[in-house]
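Participant: Let me give you the structure first, and then I'll get to my questions.
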Amino acid sequence: VNVIRRIEEMAEICSAHRAKGARIGLVPTMGALHEGHIALLRRCRQESTISVMSIFVNPTQFGPKEDLAKYPRPFKDDCEKANEAGCDIVFAPEAYEMYPPEYSTFITIERITEGLCGASRPGHFRGVATVVLKFFNIVSPHVAVFGQKDAQQVAVIKRMVHDLNCNVRIIVEPTVREQDGLAKSSRNKYLTDNERLQAGVLYKGLLEAERLYAAGQRSSEVLRETVAAIYQTAPLVAPEYIEIVHAATLTPLLALEGPALLAVAVRTKESLTRLIDNCILGGEL
Ligand code: AMP
């Protein structure tokens with residue numbers, strides 16, 4: 001795989017490919033690659049002729065008390081995994097080139113960034129939207145692939161692409177899971193052994209809500225309480241939110257009619273790791 005560090009070089013390579021008629025696909029990541037990222041890359045390769053994976057631990061999306069410093073950065077391993085998966089280009093810019101000292105411009109998306117994860121992570125989606133727009137401008141991809149695991153992120157990026165007329169198609173891939181249903185995440189490494197044993201309840205709760213929904217249950221309150229009761233069986237798992245919202249606008253729903261997003265976040269009690277997961281009731285993203 002071709003590893004590019006400099007922004008200008010990346011932009012030149014991409015415009016040369018574009019001029020020759022290539023279709024460029026982008027998979028933005030923070031590295032520490034797992035099967036979820038690889039699934040995104042696979043989809044990207046189906047939808048494009050040149051696949052670009054960005055690997056960048058974006059400082060602007062971390063809060064002051066978050067895990068920026070300890071976030072895993074196994075860069076050599078990541079390049080090998082990207083290479084094996086058939087990635088054409090890894091774009092791994094330096095933070096000081098992405099955000100030089102005079103840097104002043106940020107993208108703020110209103111309303112849909114306020115609830116769910118936005119409530120406990122102020123500034124997070126401002127950082128995400130900013131870095132993703134920068135990647136869109138550098139790479140000019142025809143398509144960009146994101147994971148459903150970060151459902152609010154998908155809603156935010158789709159909102160930005162629409163509002164700012166970005167010329168890119170957003171593709172969403174389903175969540176890749178471990179054997180017990182825990183969504184794969186670079187942050188799962190932080191879990192203690194006991195937390196890891198209990199973390200399967202996240203998905204168990206979602207499955208039970210899906211089962212009740214399929215049986216006709218349409219009350220948001222009943223569905224949320226069912227999930228909460230299942231999470232109570234895991235003493236090391238403390239829910240931060242269990243919400244049912246409109247899949248695009250992320251406004252809370254009382255009764256389910258169209259497609260709804262059931263989104264959950266928990267914090268574990270030993271390592272204080274934050275885990276998220278979600279499912280769509282009555283449709284897809
Ligand atoms: P990250 O490196 O965690 O910022 O994630 C980069 C991209 O991979 C985002 O679009 C995530 O939604 C996606 N992603 C992360 N975990 C998973 C997973 N378990 N299944 C599918 N996509 C994922």
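The values are calculated or read from the model by the stated rules, or taken from the named source; none is laboratory data. All figures in this text were calculated on a predicted structure; none of them were measured in a lab. So basically every Cβ, Gly included, is an ideal-geometry build from the backbone, and we count neighbours across all protein chains shown. In case anyone asks, the SASA skips ligands and DNA or RNA and just uses the protein heavy atoms, side chains included. Shrake-Rupley method; radii C 1.70, N 1.55, O 1.52, S 1.80 Å.
Participant: Got a sec? What order do Lys184, Lys189 fall in by accessible area at 1.4 Å, biggest, i.e. largest, first? Walk me through the numbers before you get to the answer.
Facilitator: Values: Lys184 45, Lys189 130 Å².
Ranked from most to least accessible, the order is Lys189, Lys184.
Participant: When the distances between all Cα atoms of the stretch 163-285 are binned every 5 Å from zero, what whole-number percent does each bin get?
Facilitator: 2, 11, 21, 22, 17, 14, 8, 4, 1, 0
Participant: Where does the chain land on Rg(C-alpha)/(2.2 N^0.38 Å)? Write down the numbers at each step before the final one.
Facilitator: Numbers: Rg = 19.0 Å, N = 285, 2.2 N^0.38 = 18.8 Å.
For the chain, the normalised Cα radius of gyration comes out at 1.01.
Participant: What figure, in Å² to the nearest 10, do you get for the accessible area of Thr60 with a 1.4 Å probe and non-protein molecules left out?
Facilitator: 40
Participant: Take the stretch 108-156, drop everything but the C-alpha atoms, weight them equally and run the Debye formula without solvent; then report log10 I(q)/I(0) at 0.16 Å⁻¹ to two decimals.
Facilitator: Each listed q corresponds, in turn, to -0.47.
Participant: Per residue, how many Å² of accessible area does the chain show with a 1.4 Å probe? Don't jump to the answer; show the numbers that get you there.
Facilitator: Values: 13630 Å² over 285 residues.
Using a 1.4 Å probe on heavy atoms only, each residue of the chain averages 48 Å².
Participant: Let me ask something else. May I ask for the angle, rounded to the nearest 10°, between helix 7-19 and the longest principal axis of the chain, with both axes built from Cα atoms and the value confined to 0 to 90°?
Facilitator: 80
Participant: Turning to a different aspect of this structure: Round to the nearest 10 and report in Å² the accessible area of Tyr99, as given by a 1.4 Å probe over the protein chains' heavy atoms.
Facilitator: For Tyr99, solvent-accessible area is about 40 Å².
Participant: Suppose only helical runs count, i.e. DSSP H with n ≥ 4. What mean residue ellipticity at 222 nm does that imply for the chain under -39500 (n - 2.57) per run, divided by all residues and rounded to the nearest 500 deg cm²/dmol? Before the final figure, lay out each step's value.
Facilitator: Details: 10 runs with 105 residues, N = 285.
One gets -11000 deg cm²/dmol as the mean residue ellipticity at 222 nm.
Participant: At a 10 angstrom cut-off on C-beta neighbours, averaged per residue, how do the peptides 30-37, 159-166, 192-199 rank from highest to lowest?
Facilitator: Descending packing order for the listed peptides: 30-37, 192-199, 159-166.
Participant: Students often get this wrong: which residues of the stretch 190-221 have the backbone nitrogen under 18 Å from the point 7 angstrom along Cα-to-C-beta of Glu257?
Facilitator: Only 217-221 pass the distance filter.
Participant: What figure, in Å² to the nearest 10, do you get for the accessible area of Ser51 with a 1.4 Å probe and non-protein molecules left out?
Facilitator: Counting only protein heavy atoms, Ser51 exposes about 0 Å² to solvent.
Participant: Within the accessible area of the chain, what % is carbon and sulfur when the probe is 1.4 Å and the other protein chains stay in place? Walk me through the numbers on the way to the answer.
Facilitator: Details: 6850 of 13630 Å².
Whole-percent figure for carbon plus sulfur exposure: 50.
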